[in-house]
Amino acid sequence: MNIIVAVDKNWAIGLNNKLLVSIPADMKLFRETTTGKVVVMGRKTLESFPNGLPLKNRTNIVLTRDETYQVRGAIMVHSLEELLEELKKYDSEDVYCIGGDSVYHLLLPYCDTAHITRIDHVYEADSYFPNLDEDPEWEITADSEEQTYFDLEYQFVKYERVRS
């Protein structure tokens, strides 16, 4: 399973259920990477999308404790066990965890690849991604040249779980 996320210098990912910043190249990479694939998210992440609708051209799986919660075009699961059972239907290389922070923390142990957009800035935030640079189980296996969006510098970094 994969994770895809944009983080700031402190590994922050959001504030008030919104992304810290919208960088067109990051959005394009997200679209290109996840289109035709399976995206796994929490309810609040789904509700942060335009009109609270699932992402087009993807299989959307939403993890929520609310057993009555339904959204047309999305598969609802209500526990980690139910999610893992549902994911057996798909090639794990085609599954992307897209947030939010509680779902990232829950699924990180099941992921082998993390696609991280590292933004060279510190934002006010209330949700964070685990710092993979401090986790010996993860290593950087690829990174892009530094990119710029107005005065914001960022780069795309691929982390992979170290196999012992």
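The values are calculated or read from the model by the stated rules, or taken from the named source; none is laboratory data. This structure is a prediction, so every number in the text was calculated from the model and none was measured. Here the Cβ positions follow ideal geometry from the backbone for every residue, glycine too, while neighbour counts run over all protein chains shown. Protein only, heavy atoms only, side chains kept; ligands, DNA and RNA dropped before computing areas. Shrake-Rupley method; radii C 1.70, N 1.55, O 1.52, S 1.80 Å.
So, of the residues in segment 49-69 that are among the polar types (S, T, N, Q) and at pLDDT 95 or above, which turns out to be farthest from the chain's Cα centre (by Cα)?
Among those that are among the polar types (S, T, N, Q) and at pLDDT 95 or above, it is T68.
Given segment 2-102, what strands (runs of 3 or more DSSP E) lie entirely inside it while holding 1 or more residues that are of a type in the set (S, T, N, Q) and crowded, with 18+ Cβ neighbours inside 10 Å?
The strands (runs of 3 or more DSSP E) meeting that bar are 2-7, 59-63.
Hey, among the residues in segment 130-164 that are assigned to a loop (DSSP other than H, G, I, E, B) and either hydroxyl-bearing (S, T, Y) or in contact (Cβ under 8 Å) with a residue 40 or more places away in the chain (or both), which one's nearest to N10 (Cα to Cα)?
N131
What is the one condition in (1) open to solvent by 80 Å² or more (accessible area, probe 1.4 Å); (2) more than 15 Å from I3 (Cα to Cα) that Y128 does not satisfy?
With (1) open to solvent by 80 Å² or more (accessible area, probe 1.4 Å); (2) more than 15 Å from I3 (Cα to Cα) applied to Y128, the lone miss is (2).
Can you tell me which of (1) farther than 26 Å from E86 by Cβ; (2) modelled with pLDDT of 95 or more; (3) of a type outside the set (D, E); (4) open to solvent by 40 Å² or more (accessible area, probe 1.4 Å) is the one Y110 doesn't meet?
(1) is the only condition that Y110 fails.
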